[in-house]
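Q: I'd like to ask you about the structure that follows.
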Amino acid sequence: MLISNYVALHGGEVVHILDGKEGKTVTEPHQTGRWGAMPYKREDGEVVYPADEKEADAD
């Protein structure tokens with residue numbers, strides 16, 4: 001997810017290819033922060049993951 005978050009936060013389109021029901025393949029658009037902490041992009045372009053939401057609000 002690190003690469004997916006980086007690409008999405010820099011304006012790229014990310015689509016995950018997943019195993020669906022009955023062996024069918026499905027695609028799902030990436031949702032930043034869905035499976036963990038909500039990352040954000042700093043002014044310098046670096047993607048960071050705050051320890052908590054207060055830290056993200058401080059930047």
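The values are calculated or read from the model by the stated rules, or taken from the named source; none is laboratory data. Because the structure is predicted, anything quoted here is derived from the model rather than measured. Methodologically, a virtual Cβ is constructed for each residue, glycine included, from the backbone with ideal geometry; neighbour enumeration extends over all protein chains shown. Just so you know, the surface numbers come from the protein's heavy atoms only, side chains and all, with ligands and any DNA or RNA stripped out. Shrake-Rupley method; radii C 1.70, N 1.55, O 1.52, S 1.80 Å.
Q: Are there any pairs, at least 6 apart or on different chains, whose C-beta atoms fall under 6 Å, with the first in the stretch 34-59 and more than 26 Å from His16 (Cα to Cα) and the second assigned to a loop (DSSP other than H, G, I, E, B) and at pLDDT below 95, and if so, which?
A: Sorted first by the residue in the stretch 34-59, then by its partner, the pairs are Ala56/Pro50.
Q: Just need a number here: residues in the stretch 1-20 that are open to solvent by 100 Å² or more (accessible area, probe 1.4 Å), in a loop (DSSP other than H, G, I, E, B) and free of Cβ contacts under 8 Å to residues at least 24 places away in the same chain.
A: Residues meeting the conditions: 1.
Q: Just give me the residues in the stretch 21-35 being part of a loop (DSSP other than H, G, I, E, B) and either at positive phi or surrounded by 11 or more Cβ atoms within 10 Å (Cβ to Cβ) (or both), in sequence order.
A: Hits for the stretch 21-35 are His30, Gln31, Thr32, Gly33, Arg34.
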